[in-house]
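For reference, the structure discussed in these notes is given below.
The values are calculated or read from the model by the stated rules, or taken from the named source; none is laboratory data. Note that the coordinates shown come from a computational prediction; the quantities given were computed from them, not determined experimentally. In this analysis, Cβ positions are derived from the backbone assuming ideal geometry, glycine residues included, and neighbour counts consider all displayed protein chains. We work out accessible area using only protein heavy atoms, side chains counted, and drop any ligands, DNA or RNA first. Shrake-Rupley method; radii C 1.70, N 1.55, O 1.52, S 1.80 Å.
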Amino acid sequence: MQQGAAKRPTIGIVGGGQLGRMLTLAAKPLGYDVVVVDPGTNCPAAQVGATEITANLYDEAALKELASRSTIITVEIEHLDTHVLEALEKNGAVIHPAPATVRLIQDKYLQKAFLREHSVPVADFTEVTSTADAKAALKNFGGKMLLKTRHGAYDGRGNMVTQSPADIAKAFALFEGKQLYAEAFVPFERELAVMVARSVDGDVQAYPVVQTIHERNICVEVLSPAPVPAAVQEKAHELAVTVANLLKGAGMYGIEMFLTEAGEVLVNEIAPRVHNSGHHTTEGNRTSQFEQHIRAITGLPLGDTRLIAPATVMVNILGERNGDTEVKGLSDALAIPGVHVHLYGKSPTKVDRKMGHLTATADTLDQARQNAHAARKALSI
Ligand code: AMP
C-alpha cells in the first residue's frame, strides 16, 4: 500500500459521473468511504457524499493522490491514462479491473482482435489506415460496414455506417487524425447484453440476459429479461462468462452482443465496469450491479443476481435541449406503479446527454414498457 494510505477502507474511483455516483451510493452502506477524481466541481458522485479531487482523468498527480487516499481503486470509465494506473499498481496500489484490461479495452480494434484470438465470435473487422484500405474492406464486407475510431468513442460518437467511397471520404474527414478500423455491418435481429461480475476470489456471477435498444447509437432502453428463447439466453450467458474469464481483474463487466437473424450471438463490445445495460438491476434484481461491483473488488461474497420482478424496463433520460437543468413532471412519473427515477444531478442539460434514467417493474415486459414510456413522457428535463 502507498505511504499515507487511508485508515478507513476507501474506494477510489477514476471518474465521478453517474456511474461513480451510483457506486458511491452502493459503497457507503457497506462502510466504505469514497474518493473520486473528476474534472467537474460538485460532480454527480460528490453530490452523494464522495470526496472529490477535481482534476482531469489524465492528471498524473491527481491519480497519485487518489491512490494515496484509497485502499482499492476502480474506474467508471475506460478513457483514462492506463500508464499511470499501471505504474501505481507496480508500486502496490490495488486496482480493479487490472489497468492492463482497461488498456486492452480502450482500443476497440485491439479488443476485437483479442476476442477473435480467443475464438469468441465477433463481426468481421480489419484495421484501416487509408481510404484505400477502407475501400478494400467495404468490398470484402459486402458493401456495408462501420468505420469506427479505435479510441475514445462513447455513446455512438466515433462510429459511421459507410456504404460508398463518398461515405468513406466523409468518415475520414469527420475522424481526421484518429486511428480507425472497419467492421462488417451486422444486420442484427436485436442487441443483447449480459452484466457479469468476477470477484477477487475468481467467483463469477452473471445477471440474466437483457435486450438493449439503441437510437442514434445511444442506448435508450433496456428490457429485462430479454424476450428471447432460453437457448439464446444460455448462449449469451455462456459467452459472457467466457469473456469475463479472459480478462484480468475483478469487478463488473458489461458484455454487449448482437443476436443475428440466424440465431448466432456475436460479442460487440466489452465495458470493464458497471454499465448502462445494468442500471435496471437496482430495482429488478436481488443485488444491484453497483453493490455487486463493490462486493467483487473488495473480496466480499458476490450477491444473488436473480430477478426480483418478472419484468423490468429501464429508459434513459437523455437531455432534450441545451441549457440549465430543470426537471418537471416527477410527481406524474412517480404516480405510475412500479416506477423509480434516478437523476444524476448534472448541469447543464445537453441534447442526448445522459441526465438520468428510470425503471418500471411489472408482471410483464409489455406492461413494464408501457409504464416506463408513460413515465418518460411525463418527465421533461
Ligand atoms: P459501439 O459503440 O461500437 O458498440 O456501437 C454502438 C451501436 O452501434 C451498437 O450498439 C449498434 O447499435 C451499432 N453498431 C455497432 N457496430 C455495429 C455493427 N458492426 N453492425 C451493426 N450495427 C452496429
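Tell me which residues, restricted to segment 288-310, are open to solvent by 30 Å² or more (accessible area, probe 1.4 Å), within 13 Å of PRO208 (Cα to Cα) and not hydrophobic (A, V, I, L, M, F, W, C).
Across segment 288-310, the qualifying residues are ASP304, ARG306, PRO310.
Could you grab the pairs with beta carbons closer than 7 Å, sequence gap of 6+ or different chains, first residue in segment 119-143 and within 16 Å of the ligand (Cβ to nearest atom), second one open to solvent by 80 Å² or more (accessible area, probe 1.4 Å)?
PRO121/GLU264; VAL122/ARG116; PHE141/ASP124; GLY143/GLN163
Quick check on MET355: is it without any contact (Cβ under 8 Å) to a residue 40 or more places away in the chain, open to solvent by less than 60 Å² (accessible area, probe 1.4 Å) and within 17 Å of VAL220 (Cβ to Cβ)?
Yes: the conditions hold for MET355.
Against the conditions (1) farther than 22 Å from LEU239 by Cβ; (2) within 11 Å of the ligand (Cβ to nearest atom); (3) out of contact with any Leu (no Cβ under 8 Å at 6 or more places or on another chain), where does LEU147 fall short? Just the number, please.
LEU147 satisfies all of (1) farther than 22 Å from LEU239 by Cβ; (2) within 11 Å of the ligand (Cβ to nearest atom); (3) out of contact with any Leu (no Cβ under 8 Å at 6 or more places or on another chain) except (3).
Any residue in segment 271-287 that is buried (at least 24 other Cβ atoms within 10 Å of the Cβ) sitting within a Cβ distance under 7 Å of a residue that is assigned to a helix (DSSP H, G or I) and among the aliphatic types (A, V, I, L, M)? List the pairs, counting only those 6 or more apart or interchain.
Note: pairs meeting the criteria are PRO272/VAL102; PRO272/ILE105; ARG273/LEU19; VAL274/LEU19; VAL274/LEU23.
Would you be able to say whether some residue in segment 99-114 is assigned to a loop (DSSP other than H, G, I, E, B) and either of a type outside the set (S, T, N, Q) or closer than 23 Å to ARG216 by Cβ (or both)?
Among the residues of segment 99-114, at least one is assigned to a loop (DSSP other than H, G, I, E, B) and either of a type outside the set (S, T, N, Q) or closer than 23 Å to ARG216 by Cβ (or both), which makes the answer yes.
Can you name the number of the only condition in (1) buried (at least 23 other Cβ atoms within 10 Å of the Cβ); (2) within 14 Å of the ligand (Cβ to nearest atom) that ASN268 fails?
If we test ASN268 against (1) buried (at least 23 other Cβ atoms within 10 Å of the Cβ); (2) within 14 Å of the ligand (Cβ to nearest atom), just (1) comes out false.
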